[in-house]
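This report concerns only the one structure given below.
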There are 2 protein chains.
Amino acid sequence: MRLNLQTDFALRTLMHLAVNTDRRVTIADISETFGISKNHLMKVAQALGQEGIIATERGRTGGLSLARRASDIRVGDVVRRMEGNAALVECFPGGAGGCRISPACRLRGALADALEAFFASLDTWSIADLVGGNAPLHDLLAMGETA
Amino acid sequence: MRLNLQTDFALRTLMHLAVNTDRRVTIADISETFGISKNHLMKVAQALGQEGIIATERGRTGGLSLARRASDIRVGDVVRRMEGNAALVECFPGGAGGCRISPACRLRGALADALEAFFASLDTWSIADLVGGNAPLHDLLAMGETA
């Protein structure tokens, strides 16, 4: 079981933006910090923009910024949105379907409840909780060091 | 986010065995029921055997059976064992590693807690809970119908 890379990269992007609220942050900056391809990050930024989690400005002076306060962005909500229809098993919405026992299977409900417990646990964290008072993280994400 | 196919197939195998406790069940039976390749199922059976969840007997009269009562096999435990080192993100044990902020990242702990909440939710279910009193499931998995 693993998260989509897009979800992982989205969370790193949000932490980066939450640390560097006073700086212009570009795709290139985030790419350099984490060693993630710009192409991949552009798709992530587009998805986060569509979900209203970040604001994107184009052009030479453009960049990315949080569209809401970091304390108002719940980690579970981000993961839920980025994972979209990623089906835990094939009988889930978005899955391939075709399991013979689907009409009578209690496992689907059990897995759906477990997934909700996963998201609910993550919802106890905001992006602000991840970065607030975390000096080592601020050092690692400081823009001066990535230039 | 999705479970490994191996985990999915393991859970279906266990339900099949729990329904047909009074019959000899072979890899071929399970393969036919679910339309899953025998090769794939052999690996699943081997893993379940190594974990002490099922007993496997070889040869012409061989077959698979539950090594414990269905009520003593927790779904969360099965998923935990079958997923093994599947890393939710790259900084997890078994992951590729290499994320720059790992030393200061609080997200790893938040994700680990959420994963535990996922397993704990599944642990409220036993294999017996999935099949007990579930006549439609018993009909779908009845061996006579798969011959």
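The values are calculated or read from the model by the stated rules, or taken from the named source; none is laboratory data. Remember, predicted model here, so these are calculated numbers, not experimental data. Every residue, glycine as well, gets a Cβ built from its backbone with ideal geometry; the counts of neighbours run over all protein chains shown. Quick note on the areas: whole protein, heavy atoms, side chains included, nothing else; ligands and nucleic acids left out. Shrake-Rupley method; radii C 1.70, N 1.55, O 1.52, S 1.80 Å.
Remarks
- Scan of region A:124-147 for residues that are touching a helix residue (DSSP H, G or I) at 6+ places or on another chain (Cβ under 6 Å) and surrounded by fewer than 17 Cβ atoms within 10 Å (Cβ to Cβ), ordered by number: A:Ala128, A:Pro136, A:His138
- Hits in region B:56-83 (condition: loosely packed, with under 13 Cβ neighbours inside 10 Å, in contact (Cβ under 8 Å) with a residue 40 or more places away in the chain and either within 23 Å of B:Leu107 (Cα to Cα) or not charged (D, E, K, R) (or both)): B:Ser71
Residues checked against (1) out of contact with any His (no Cβ under 7 Å at 6 or more places or on another chain); (2) assigned to a helix (DSSP H, G or I); (3) within 8 Å of another protein chain (Cβ to nearest Cβ); (4) not β-branched (Val, Ile, Thr):
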| residue | (1), (2), (3), (4) |
| --- | --- |
| B:Asp77 | yes, yes, no, yes |
| B:Arg81 | yes, yes, no, yes |
| B:Cys91 | yes, no, no, yes |
| B:Gly94 | yes, no, no, yes |
| B:Gly97 | yes, no, no, yes |
| B:Leu111 | yes, yes, yes, yes |
| B:Ala120 | yes, yes, yes, yes |
| B:Asp139 | yes, yes, yes, yes |
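- The residues of region A:1-27 that are β-branched (Val, Ile, Thr), more than 12 Å from every other protein chain (Cβ to nearest Cβ) and touching a residue at least 60 places away in the same chain (Cβ under 8 Å) amount to a single one, A:Val25.
- Residue in region B:1-19 that is farther than 26 Å from B:Glu116 by Cβ and not aliphatic (A, V, I, L, M) present: yes
- Filter result for B:Ser126 (polar (S, T, N, Q), modelled with pLDDT of 90 or more and closer than 22 Å to A:Cys99 by Cβ): yes
- B:Ala86 open to solvent by less than 80 Å² (accessible area, probe 1.4 Å), in a helix (DSSP H, G or I) and aliphatic (A, V, I, L, M): no
- Residue match in region A:28-45 (condition: among the small types (Gly, Ala, Ser), open to solvent by less than 20 Å² (accessible area, probe 1.4 Å), in contact (Cβ under 8 Å) with a residue 24 or more places away in the chain and more than 13 Å from chain B (Cβ to nearest Cβ)): yes
- Output for region B:93-123, where each listed residue is within 20 Å of A:Ala117 (Cα to Cα), of a type outside the set (Ser, Thr, Tyr), touching a helix residue (DSSP H, G or I) at 6+ places or on another chain (Cβ under 9 Å) and open to solvent by 20 Å² or more (accessible area, probe 1.4 Å): B:Arg106, B:Arg108, B:Asp113, B:Leu115, B:Glu116, B:Ala117, B:Ala120, B:Asp123
- For region B:54-66, the criterion of a residue being part of a loop (DSSP other than H, G, I, E, B) and either at the interface with chain A (Cβ under 7 Å from one of its Cβ atoms) or modelled with pLDDT of 95 or more (or both) is satisfied by no position.
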